Structure formats: C-alpha cells, structure tokens
C-alpha cells in the first residue's frame with residue numbers, strides 16, 4: 001500500500017520549504033543582516049536556519065563566519081548540501097552547519113557577533129532558556145534579531161537582557177514585528 005500522505009509531506013511540503021528557504025535567503029535575510037549592522041568579518045549564528053538560508057544572504061559580505069544551526073536532522077543535512085554547492089562557487093565567507101537545540105547552543109560564551117532567529121523562537125517551549133543561550137553566545141555589543149516578536153518574547157527578552165536597546169520594526173501584514181536587541 002502506498003502512503004500518499006507521507007509522499008505528499010516529503011515531496012510537496014519539503015520542496016515548498018526549500019523554495020521558501022531560498023526566498024528567505026535572497027530577500028528576507030539580507031534585510032536582517034543590514035538591520036543587524038553586519039560588518040565584514042562578523043561571526044553570525046542563524047538559529048533554526050532550515051536549509052541554510054543565511055548562506056544565500058551573505059553574498060555582499062566578505063570574511064563572515066556563518067553558522068547554520070537547526071535541531072532537525074533533515075534540515076541540517078540539506079544545509080550541508082547547500083553549503084557544499086555555495087563553497088564550490090564562492091570562498092569569500094566561511095560556512096558551518098551544526099546540529100543542535102537553541103536551548104543548548106554548542107558554541108563558546110561570547111563567540112558570535114550576531115544571532116538571527118527567523119521563526120525559530122515561536123516554536124520553542126522554553127523561550128527564556130533560549131534567550132539566555134542567545135545572550136550567552138553573543139559578544140558584548142552583539143545584536144540579536146528575532147522575527148516575529150510576539151508579546152511574550154518581548155517580555156522575556158526584557159527580563160533577560162535588562163535595560164537594553166530593544167527596537168521593534170514594523171513589517172508587512174505577514175510578519176508584523178521584528179525585534180532587535182543589542183547586548184551591553
């Protein structure tokens with residue numbers, strides 16, 4: 001017996017996810033990198049990066065260390081394939097793919113300049129723990145971009161980061177608010 005639902009999930013939904021990941025990498029992520037004041041040489045963690053969307057967005061920068069992290073094994077495996085293809089065509093940025101949960105990031109303290117969370121935090125049950133991990137891995141004056149920024153995320157960020165510079169950016173109707181946090 002053919003499991004049509006499983007075939008649909010893998011082939012159709014998986015393909016759509018890949019297309020959205022490329023779309024995000026080409027259109028959404030460059031805006032995040034600009035808003036995060038990304039500079040050549042920065043180390044950037046993309047938490048919940050799916051197919052490695054951050055890799056597509058970095059084409060106008062040099063010497064970036066781009067870290068794609070996703071808890072889903074299939075997504076990380078796909079990001080490794082994207083990395084391999086893009087590494088063949090361009091060596092101006094270093095690309096890394098790591099598996100892991102945003103509540104236990106396998107990186108050293110104060111080791112990244114920027115963290116981008118594009119629709120990952122909304123799926124996390126313990127958002128405070130994840131925000132604490134983001135704070136741990138961010139260097140001083142590091143920037144965290146969270147998209148979308150729901151009220152409970154804003155409250156948790158305020159309690160963890162204290163009186164920091166929290167900026168909200170209004171977006172279109174699909175993505176109402178993005179949040180920018182500067183670690184002091």
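Bear in mind these aren't lab numbers, they're just calculated from the coordinates by the rules spelled out. Everything numeric here is computed off the predicted structure, so don't read it as measured data.
What to note about this one:
- For segment 29-84 and segment 101-125, distance of Cα centres in Å: 12 Å
- Difference of contour (0.36 nm per residue) and Cα-Cα distance, residue 104 to residue 73: 9.6 nm
- Annotation: extensible slack from residue 35 through residue 90 equals 17.4 nm (criterion: 0.36 nm per residue apart, minus Cα-Cα distance).
- Cα pair distances exceeding 20 angstrom across segment 34-184, given as percent: 46 percent
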